[in-house]
1. I need the phi-derived Karplus couplings for segment 118-123: 6.51 cos²θ - 1.76 cosθ + 1.60, θ = phi - 60°, integer Hz, Gly and Pro marked x.
2. Once the dipole of the chain is set up with Lys and Arg at +1 and Asp and Glu at -1 on Cβ about the Cα centre, which of Ala318, Ile82, Ala138 lies farthest towards its positive end?
3. With springs only between Cα atoms under 10 Å, which of Glu119, Glu162, Glu225 fluctuates most in a Gaussian network model of the chain?
4. Let me know the volume per residue of the alpha-carbon convex hull for the chain, in Å³.
5. Give me the net charge for the shell around Leu144: Cβ to Cβ below 12 angstrom, other residues only, Lys and Arg +1, Asp and Glu -1.
6. With point charges of +1 on the Cβ of Lys and Arg and -1 on the Cβ of Asp and Glu, referenced to the Cα centre of the chain, which listed residue (Ser285, Gly197, Leu59) lies farthest in the positive direction of the dipole?
7. Roughly how big is the chain's charge dipole about its Cα centre, with Cβ charges of +1 (Lys, Arg) and -1 (Asp, Glu), in debye to the nearest 20?
8. In terms of Cα to Cα distance under 17 Å, which lysines are near enough to Lys251, apart from those fewer than 8 places away along the same chain?
Amino acid sequence: MTHPHGVAALDDEPGSSRTAKSPQQRFRDSLLAAGLLIDTGTPGLYGRGAEFEKILIRLEDVLTRAAELSSDLTPGGLGYPIYRFGPIFPRATYEKTDYVESFPDLTGAISTFSGGDREHRALMAARTRGEQWDHFLAPGDTMLVSAACHPVYEQLPSRLPEEGAAADVSGYCFRNEPSPDPMRMRSFRMREFVRIGDPETIRAHRAAWLDRAFELLRSFGLDVERVAANDPFFGRAGKLLANGQLDADLKTEFVVPIYGDAAPATAIASANDAQDHFGQKFSISCADGSVAHTTCTAFGLERTTLALFATHGTDSGAWPSAVKEALAL
Ligand code: ATP
Ligand code: ZN
Ligand code: MG
């Protein structure tokens, strides 16, 4: 209930609690009413309005500047080389990430039509009868990107130079987690600062970003905290992986209490140590031949933008001047 603009405030009439909307639904309604997000009618899928996109682009600019100021953490101090990929990437690369092993429920594949006139006629006939026609499409050689960094590991040399490698990646991610909470989308953007190298370099990189990301998000006037976290690995075996990740302190989330006490605080960014997972799967080794370790600090662009609107109100013109300054508004 700490939010000045009523996102978390329970403002329903007494006695109306049975029909009252959840804080998530109310936040969603306020974003749609303000034209910040655009409803597509499908849970977790939104268009972005002009004002929302303006703030998100400012955020990207601030992150670019933060990365420049963090070139001390990159090979030779030369900065993070920029990589940009689309929301779709090769299945062969997807396979190497092993994502389907850990998160089959979140993943998405692309199916396409490669039939001829006959198959097309059959498809159209089924469609006219109001039947399913998806089985006329077949999965091909592409998948949806689940984490912005996934396409980049394929681009790294199998033997890294002495100082390792770094990458600045940004792009759309798909995760099939439909939700009434606008903070949880199915299609969203993620900006990541990735470092690849020996375990010591990786640990130092993550430790440095834990402080830098924290300071940066604080400068936006967000009530952010750092918490140890784990990924929602699928199934019973996944519980063990999740516990292992938590125990080894490999994932830290930067969380903001979007809904006050009504829901757990939401992660707007995370700093992750993937240890030698990607190094193994993509056959990347350090100069001395040991398997490379990787880390990424990932900023959820929609989530951080939404945290700003939740915290400071849906009218960015009325945001505190310090926040406007931090975002160069
Ligand atoms: P959560 O615990 O909320 O599911 P996550 O651990 O899956 O988050 P990461 O895999 O660490 O998230 O992804 C990095 C960042 O991407 C998150 O901190 C968040 O800001 C953003 N993100 C992740 N999933 C979503 C989503 N469904 N919608 C919007 N942003 C997301
Ligand atoms: Zn990553
Ligand atoms: Mg998740």
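1. Rounded to whole hertz, the list is 4, 5, 5, 4, 5, 4.
2. Ala138
3. Result: Glu119 has the largest fluctuation of those listed.
4. Roughly 169 Å³ of hull volume per residue.
5. +3
6. Leu59
7. Its charge dipole is roughly 760 debye.
8. Correct list for Lys251: Lys239.
The values are calculated or read from the model by the stated rules, or taken from the named source; none is laboratory data. Everything quoted here is computed from the prediction, not taken from an experiment. Counting neighbours? That spans all protein chains shown, and the Cβs are built from the backbone with ideal geometry, glycine included. Note: accessible area is taken over every heavy atom of the protein model, side chains too, but ligands, DNA and RNA are not part of it. Shrake-Rupley method; radii C 1.70, N 1.55, O 1.52, S 1.80 Å.
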